[in-house]
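See below for the structure under consideration.
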Amino acid sequence: MKFLKNKIVAIPVGIILFIILLVISPKLAGILLIFGSLCLGLYLYTKSERFKSWNKVVKGLITSGLAFILLIGIGFFNTNPQTAEQQKLTAEKAKIEQQQKDQAVKKTEEIKKAEDTKKAEEGKKQVAQQDKSNALAKLNFKEVIVSRVVDGGTVELSDGSKVR
């Protein structure tokens, strides 16, 4: 057991045990940090002659370190693993909903593009039909011109009908 009494071994073993405790129960680790920092602070300011002999800068650094450890302990004590899981699930749900919204927007854009393409094709067809009808009208006009004039201003068309 001399091995565990050595400071070089005891400190890393203590840190490893604390990390294991932190993984198992964050609340218990938080209580341990709070209790440890308060007890160490009380000991240093009341009983330790060596600490009292140090200058204000060193005392301030040690005190701020203890305050930092105290705040970390309060943080661990207030954490709730279920709340963390709920936050993770909520974030995943939000991500999935955002992906679904993005997909819906893409689909509507594709539908709009398809509709615009159809409208453009219909417009081209209408223009082509108008061009055809204009061409036919010109042809019909030529037929009227080519037709012969019968008696007294009556015009006979190529289809055999007579127009006055």
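Readers should treat all values here as calculations from the given coordinates under stated rules, not as data from a laboratory. None of these values were measured; they are calculated from a predicted model. So basically every Cβ, Gly included, is an ideal-geometry build from the backbone, and we count neighbours across all protein chains shown.
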Please give, to one decimal in nm, the separation of the simple spin-label points placed at L17 and E49, each 7 Å out from Cα toward the Cβ.
-> 3.0
Using the beta-carbon distance between I74 and A104 and R0 = 35 Å, what value does 1/(1 + (r/R0)^6) give for FRET efficiency, to the nearest 0.05?
-> 0.20
Could you state the per residue volume, in Å³, of the convex hull enclosing the Cα atoms of the range 11-79?
-> 82
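Where the only charges are on Cβ atoms (+1 Lys, Arg; -1 Asp, Glu), what is the dipole of the range 40-91 about its Cα centre, to the nearest 20 debye?
Details: 6 positive and 2 negative charges, 68 e Å.
Computed about the Cα centre, the dipole is about 320 debye.
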Using the Karplus equation 6.51 cos²θ - 1.76 cosθ + 1.60 (θ = phi - 60°), what ³J(HN,Hα) coupling, rounded to whole Hz, does each residue of the range 49-55 give in order, writing x for Gly and Pro?
-> 6, 5, 5, 5, 7, 6, 7
Place +1 on the Cβ of every Lys and Arg and -1 on the Cβ of every Asp and Glu in the range 86-137, take the dipole about the Cα centre, and give the residue among L89, G123, T108 whose Cα lies farthest towards its positive end.
-> L89
Selection of trypsin sites (Lys or Arg not before Pro), the range 1-75, meeting DSSP coil and at most 16 other Cβ within 10 Å = K47
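When a footprinting reagent is the concern and you count Cβ atoms within 10 Å, what order do S37, S53 take, fewest first? Please list the in-between numbers first.
On the way: S37 20, S53 8.
Going from sparsest to densest Cβ surroundings: S53, S37.
Compute the relative contact order of the range 1-99 as a whole-number percentage, counting only Cα pairs closer than 8 Å that sit 6 or more residues apart in sequence.
Working: 50 pairs, mean separation 32.8, N = 99.
It rounds to 33 percent for the range 1-99.
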Starting from the exponent 0.38 and prefactor 2.2 Å, build the expected Rg for the range 1-123 from its residue count and divide its actual Cα Rg by it.
-> 2.11
